[in-house]
Amino acid sequence: MAATFLWLLVPNAPDVPDNGPFAGVSIQTEQSGPLHLPNRSFRCTETEQEFQCQIDIQDQLLTLNLTKGQGYPYDLSNCRASYSGQAVDCREAGQNYAPTLAKLYEVTNLNLSPQQIQSVRQTYWGINTLMQVGEVRLIWISAGLSITAGISAAFFTWLHSGVWSKGFISFACGFGVYQLVERFLGRVPFDVVTPYGLTPDDWVGVVRGGAIAAGVVAMLLTALFLWKRVNRFGRVLISLITGAGIFSLAWWAFSWNVGYVLPLFGWANQLIQRGHLLALFFTSLSALVAIAAVILIWIYTNSSIRKFLCLGSGFGAAALASHLFMYLLLDLGYTD
């Protein structure tokens, strides 16, 4: 299911400028709604003043001529379109982030028959399916797949709590600490650090470098703890660090996945409208998960470590899958 979802997303992404100067084009039809054409299917050439993009629709040529922007070439204007040598209407129909801000266009009056429309829709079924699903439902699908990944990882770890499970939970905890440190340091205003001689770019580098270093240390310490017994002080230190990582993973899994699934339930509307209460709710749940993880680590029996691996693998897989889908949907231009 996840592979099918990714296979559908990636080839149909409106990648500007690699695939074309605009995010997409749709043909407005009276019979069956808009017919979407992916920008990757257009053949584009450019001069100093304009882009010319062409695509074959039912053995006839659809041509778009677009004037370049003066300061930014993809700030297009003055769309002129022709189909089979005859002028047709073309208008701007919005903008999309793909992954730069790019325009969408709509052409009309192509006079395609219902059979021709159906044929074109079948040819470009991928992009039309995604546009019909819409941004919100794409997020719901990604949330469902992330939750499924978490449950599957926990179940697998319960059955096979070996080297691979320990390696995965070590990486997941390191990733959780990385996210926690990056969020914490990233909230420091620039005017707090600039008096110490740091430019905003310098501070961004410090935040990223510090977060990566903290994540690597957390990953190595978690791996050390899972593969080798440590003394009492080491267990306290590693328990706290690992608990922080699990808290971060759980918070992301709850806020991204559950936060987008809640609108499906009418009873949750009031909770959603009170954003601070929802944030407090997710933070409290994440804290409980982190406390449970710390307790399981501290007990340090075969049974408790197995439960810890299941807990960490479940939330780790859900959080990592959420990040993957979030960045894909954003970077590929499906969400803003």
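The values are calculated or read from the model by the stated rules, or taken from the named source; none is laboratory data. On a predicted model such as this, the values are computed, not experimentally measured, just so you know. All Cβ positions, even for glycine, are placed from backbone atoms using ideal geometry, and neighbour counts span all protein chains on display. Quick note on the areas: whole protein, heavy atoms, side chains included, nothing else; ligands and nucleic acids left out. Shrake-Rupley method; radii C 1.70, N 1.55, O 1.52, S 1.80 Å.
Filter region 7-24 for residues that are surrounded by 15 or more Cβ atoms within 10 Å (Cβ to Cβ) and of a type in the set (A, V, I, L, M, F, W, C) and give the result. Those that are surrounded by 15 or more Cβ atoms within 10 Å (Cβ to Cβ) and of a type in the set (A, V, I, L, M, F, W, C): LEU8, LEU9, ALA13, VAL16, PHE22, ALA23. Which of the numbered conditions does TYR97 fail, given that it passes all the others? Conditions: (1) open to solvent by 40 Å² or more (accessible area, probe 1.4 Å); (2) in contact (Cβ under 8 Å) with a residue 60 or more places away in the chain; (3) of a type in the set (Phe, Trp, Tyr); (4) within 16 Å of HIS36 (Cβ to Cβ). Every condition holds for TYR97 apart from (4).
Among the residues of region 302-334, those that are open to solvent by 10 Å² or more (accessible area, probe 1.4 Å) and among the hydroxyl-bearing types (Ser, Thr, Tyr) comprise SER303, TYR327, TYR334. Please determine whether any residue of region 107-118 is open to solvent by less than 80 Å² (accessible area, probe 1.4 Å), among the small types (Gly, Ala, Ser) and assigned to a strand (DSSP E or B). There is no residue in region 107-118 that is open to solvent by less than 80 Å² (accessible area, probe 1.4 Å), among the small types (Gly, Ala, Ser) and assigned to a strand (DSSP E or B).
Scanning region 157-167 for residues that are among the small types (Gly, Ala, Ser) and open to solvent by 10 Å² or more (accessible area, probe 1.4 Å) gives SER161, GLY162, GLY167. So in region 168-224, with the set limited to residues that are polar (S, T, N, Q) and surrounded by 17 or more Cβ atoms within 10 Å (Cβ to Cβ), which one is nearest to ALA153 (Cα to Cα)? Within region 168-224, the match that is nearest to ALA153 (Cα to Cα) is SER170. Restricted to region 34-49, and to residues that are free of Cβ contacts under 8 Å to residues at least 24 places away in the same chain and in a strand (DSSP E or B), which residue is surrounded by the fewest Cβ atoms within 10 Å (Cβ to Cβ)? Applying the filter and picking the extreme gives THR45. Quick one: is THR29 touching a strand residue (DSSP E or B) at 6+ places or on another chain (Cβ under 7 Å), at pLDDT 90 or above, open to solvent by 10 Å² or more (accessible area, probe 1.4 Å) and among the hydroxyl-bearing types (Ser, Thr, Tyr)? So THR29 does not fit the description; no. Applying the condition of being closer than 26 Å to VAL88 by Cα and of a type in the set (Gly, Ala, Ser) to region 119-143 and asking which residue is surrounded by the most Cβ atoms within 10 Å (Cβ to Cβ) yields GLY126.
Residue under question is ILE151, and the condition is that it be modelled with pLDDT of 90 or more, closer than 21 Å to LEU324 by Cα, of a type outside the set (S, T, N, Q) and surrounded by fewer than 15 Cβ atoms within 10 Å (Cβ to Cβ); does it hold? Yes; evaluated as a whole, the condition is true for this residue.
Restricting VAL193, VAL188, VAL136 to those that are at pLDDT below 90, over 16 Å from ALA250 (Cβ atoms), out of contact with any helix residue (DSSP H, G or I) (no Cβ under 7 Å at 6 or more places or on another chain) and part of a helix (DSSP H, G or I) reduces the list to VAL136. Summed over region 60-94, the residues that are part of a strand (DSSP E or B) and either in contact (Cβ under 8 Å) with a residue 40 or more places away in the chain or basic (Lys, Arg) (or both) give a count of 6.
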